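J.: The structure's right below; bear with me while I get my questions together.
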Amino acid sequence: MCRPEPARHCGSMTLIEVSDLRKSYGGRPVVDGVSLAVEEGEIFGVLGPNGAGKTTAVESILGLRVPDSGTIRVCGLDPVADRARMTLIVGAQLQESELQGKLTVAESLELFAACYPRPADWRTLAARLGLEEKLHTRFAQLSGGQKQRLAIALALIGSPRVVVLDELTTGLDPGARREVWSLIEDVRASGVTIILVTHFMEEAQRLCDRVAIFDRGRIAALDTPSGLVAQSASGTVISFTPSRPLEEDVLAALPGIASLTHHDGRVTLAGTDETVNAVISLLARNRVSAHQLRVTDSTLDDAFLDLTGAEA
Ligand SMILES: Nc1ncnc2c1ncn2[C@@H]1O[C@H](COP(=O)(O)OP(=O)(O)OP(=O)(O)O)[C@@H](O)[C@H]1O
């Protein structure tokens, strides 16, 4: 069995291996041949539009759903056949986790700690997650952010080697979301491998070492956040209002150009760095000045949109 190891060894060892995973509901494939590998110590992001199969895939990795076919190994264990040993290695915060409303934070932590042979010290964990002041508050009285912190604490109580966080920050205000992000970074720094299912591009960009973009049950792309952005068809966008009109066919022939639009006298071109340089030379050659010149790089949002056709 894998033993917990405190240091971060990103890329040193494959901890989770999924090969050709398939799952259908009512004859409709919702996970359709997914293969991926998660390395020890990384934060692996799972993104995708609603219904793309993210939760089905992740809950299959946890052994909570039985795949139709394919293989999954977590630290060498089969999540379904080795369910008991899996629970000692993997912690999870799942979508819409709810606790009995009358349980206090301390009671919940104590109760969950009692389920594991080598639990983390729940008081230390509560302090680390900023729940010290709330130990005697009932679950029903906690704010959304405090409930999420408790969910992270409960996912970590068994000293897991891998933790799965599904839509951890949905429903949180931007301040609470940022606080949870730094908690996740602390958890990663302590050597825990994290699978993070999220709808927030900023969250994925900030936290994830690699991201799999799911679309209709398949992985549409798998790369680092910056690798995905580089794959985006939008590339670099330059927009400006020229002091006098430029010839359409000259603009359309610029190197690396992916798209050209005009709106209210404003020209917008998507392309590459080469396109931007060519636009600047063209303007200079023709003694045309550019008002409100803006150059922006595409973001993970653009990559998501290009790859799935859906708004993040
Ligand atoms: N137990 C089930 N029975 C029938 N259909 C299901 C079941 N679980 C999921 N589905 C269907 O499978 C598809 C994928 O669902 P899943 O929850 O895995 O998607 P998701 O990518 O996590 O979506 P979201 O971002 O909305 O959480 C959806 O169309 C869903 O309705």
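The values are calculated or read from the model by the stated rules, or taken from the named source; none is laboratory data. None of the values given here were measured: they were computed from a predicted structure. Note: ideal-geometry Cβ built from the backbone for every residue, glycine included; neighbour counts use all protein chains shown. To get the accessible areas, we keep the full protein, side chains included, count just its heavy atoms, and leave off ligands, DNA and RNA. Shrake-Rupley method; radii C 1.70, N 1.55, O 1.52, S 1.80 Å.
J.: In debye to the nearest 20, how big a dipole does the stretch 14-224 give about its Cα centre with +1 on each Lys and Arg Cβ and -1 on each Asp and Glu Cβ?
T.: In debye, rounded to 20, the stretch 14-224 gives about 380.
J.: With the chain treated as a Gaussian network of Cα nodes joined by springs under 10 Å, which of E17, E133, E59 yields the largest mean-square fluctuation?
T.: E133
J.: Under a 1.4 Å probe, what is the accessible area of the chain per residue, stated in Å²?
T.: 48 Å²
J.: Pick from V74, V229, V288 the residue whose mean-square fluctuation is largest in a GNM of the chain, springs joining Cα atoms under 10 Å.
T.: V288
J.: Please name whichever of A270, F44, C115 sits farthest to the positive end of the charge dipole of the chain, dipole taken about the Cα centre and charges placed at Cβ: Lys and Arg +1, Asp and Glu -1.
T.: The listed residue farthest towards the positive side: C115.
J.: Per the helix-only calculation at 222 nm, which mean residue ellipticity applies to the chain, given -39500 (n - 2.57) for every DSSP H run of n ≥ 4 and division by its residues, nearest 500 deg cm²/dmol?
T.: -9000 deg cm²/dmol
J.: With Cβ to Cβ distances under 10 Å as the rule, what net charge do the other residues near R210 carry (K, R +1; D, E -1)?
T.: Net charge around R210: -4.
J.: Hey, another quick one. Taking the Cβ of D32 as the center, what net charge do the other residues with Cβ under 14 Å away carry, scoring Lys and Arg +1 and Asp and Glu -1?
T.: Combined, the nearby Lys, Arg, Asp and Glu give +3.
J.: List the aspartates and glutamates whose alpha-carbon lies under 18 Å from that of K134, not counting same-chain residues fewer than 8 positions away?
T.: The qualifying aspartates and glutamates are E98, E107, E110, D121, E179.
J.: For a quick size check, give me the Cα extents of the stretch 232-308 along its three principal axes, largest first, whole Å.
T.: Extents along the principal axes, in whole Å: 40, 23, 18.
J.: Report Rg/Rh for the chain, rounded to two decimals, where Rg is the Cα radius of gyration and Rh the Kirkwood radius.
T.: That ratio is 1.09, to two decimals.
J.: Shifting gears a bit: So how do 202-208, 183-189 stack up, highest first, on mean other-Cβ count within 10 Å?
T.: By packing density, highest mean first, the sequence is 202-208, 183-189.
J.: Follow-up question, since we're still on this one. Can you pull out the GluC sites (Glu not before Pro) in the stretch 64-108 whose DSSP state is coil and whose Cβ has at most 15 other Cβ atoms within 10 Å?
T.: Loop-located and lightly packed - E96, E98.
J.: To continue, here is another question. So what is Rg over Rh here for the stretch 133-289, counting just Cα atoms and using Kirkwood for Rh?
T.: Computed over Cα atoms, the ratio is 1.19.
J.: Rounded to the nearest percent, how much of the accessible area of the stretch 222-300 (1.4 Å probe, protein heavy atoms only) is carbon and sulfur?
T.: 52 percent
J.: Still on this model: Over the stretch 25-98, what number does the Rg to Rh ratio reach, with both radii from the alpha-carbon atoms and Rh per Kirkwood?
T.: 0.94
J.: Cut-off under 26 Å on the C-alpha distance; same-chain residues fewer than 8 positions from K54 excluded. Which lysines are left, in chain and number order?
T.: Of all the lysines, those that pass the test against K54 - Cα under 26 Å, at least 8 places apart if same chain - are K23, K147.
J.: Still on this structure, I have one more. Compute the FRET efficiency between D297 and R266 as 1/(1 + (r/R0)^6), taking r as their Cβ-Cβ distance and R0 = 22 Å, and round to the nearest 0.05.
T.: Efficiency, from the Cβ-Cβ distance: 0.70.
J.: Something else: 7 Å from Cα along Cα→Cβ at both Y116 and A258: what's the point-to-point distance in nm?
T.: About 4.3 nm, to one decimal.
J.: Taking only Cα atoms and a 10 Å spring cutoff, compute GNM fluctuations for the chain and point out the largest among G27, G271, G145.
T.: Most flexible of the set in this elastic network: G27.
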